[in-house]
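Heads up, the thing below is written out as C-alpha cells.
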C-alpha cells in the first residue's frame, strides 16, 4: 500500500525566512496531495492541495510543488510569521478500485522565531 | 452548516469502563473516519466507513468498534477502556468516488479522552 514519508520532523526558522517541508510517496497511482495545518489544541485544517495533473500551486505565501517522476511533493512557506507556527501534515490519496483513506505523513513541527 | 461535530469534547474514564464517541457531518459526505492522535504524534487511522453500511479496519483497530448509523453519523465505541487508549480522537469526513480525484477531508474538533 501507499507509504508517505515526511521531513524534517521539526523545523525552526526566523520570522521572515522561508520554510520548506518535503514528502515522498510510494504509490505512483496516487493522484491527490493535501497539506494540513494543526495549531496547538485544534483540529487539522486543509491549507492547500494539489492534484497529479498539476506541477505547482500557490496561494499567497504558501505553495506546493509536485514531482510525479520522483514521487515527491513539497510545501513552501515564504515570509514566515509567528502565526505559521504549527504542525504540518502532508497526505496522499491512493487511487485504486475502491475508496481508500488518505495516507498521512508523521508531521513537521514548525516554529517561527520572532 | 456545522461541518463535522463530535461529542463529548472531554471525557475521563476508569480502566474497564465503556463509552461511545459520537460524530456527525452535515455535508452529505459518503466517507467517514476515526483517528487517534497521541501527544507529539501523527494521526493514526482506527476505522473508516466508505459508505453507509460498510466499515473497515485502519492501522490501529484493536480495542475499538464502530457503527455507521446512517450517512450522517459514525460512532466509535470503547468496550473496556485501557490507559493506552488515552488520546485525542478526531472524526473526519470526505466525499470521494472510486477511480476519481479525491476531495477535501474535514476534521471534527476532537474528543480528549483520559483513561485512569
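No lab work stands behind these numbers, since they all come straight from the coordinates. Just so we're clear, the structure is a prediction, and the values are computed from it rather than from any experiment. Cβ atoms come from the backbone with ideal geometry, glycine included; neighbour counts cover every protein chain shown.
Roughly speaking, what is the stretch gain from residue B:44 to residue B:30, that is 0.36 nm per residue apart minus the C-alpha to C-alpha distance, in nm to one decimal? Walk me through the intermediate numbers first.
Numbers: separation 14, 0.36 × 14 = 5.04 nm, distance 2.02 nm.
In short, 3.0 nm is gained.
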Taking a crude spin-label model, label points 7 Å out from Cα along the C-beta direction, the residue A:5 to residue B:82 distance in nm is 3.1
Dividing the Cα convex hull volume of segment B:15-74 by residue count, how many Å³ per residue is that? 99
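Over chain A, what is the percentage of antiparallel beta bridges among all DSSP beta bridges, to the nearest 5? Before the final figure, lay out the partial values.
Details: 36 of 41 bridges.
Antiparallel bridges: around 90 percent, rounded to the nearest 5.
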Rg/Rh for the protein assembly as shown, where both radii come from Cα atoms and Rh is the Kirkwood radius: 0.97
Using all alpha carbons of segment A:23-114, what is the percent of pairwise distances in each 5 Å bin, ordered from the shortest bin to the longest? 3, 14, 24, 24, 18, 10, 5, 2, 0, 0
The orientation-averaged projected area of the Cα convex hull of segment B:1-49, in nm², is 4.6
Over chain A, what is the relative contact order in percent, taking alpha-carbon pairs closer than 8 angstrom and at least six residues apart? 36
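Could you tell me what percent of the DSSP beta bridges with both partners in the protein assembly as shown are antiparallel, to the nearest 5? Numbers along the way, then the final one.
Working: 70 of 79 bridges.
That works out to approximately 90 percent antiparallel.
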Taking only C-alpha positions in segment B:1-104, Rg and Dmax in angstrom work out to 13.7, 44
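Can you put B:38, A:27, A:49 in order, fewest other beta carbons within 10 Å first? Walk me through the numbers on the way to the answer.
Details: B:38 12, A:27 18, A:49 21.
Lowest to highest Cβ neighbour count: B:38, A:27, A:49.
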Compute the length gained on full extension between residue A:57 and residue A:12: take 0.36 nm times their separation in residues and subtract their Cα-Cα distance, giving the result in nm to one decimal. 13.8 nm
Starting from the Cα of residue B:116, step 7 Å toward the Cβ, then list every residue of segment B:1-35 with an amide N under 15 Å from that point. B:11-17
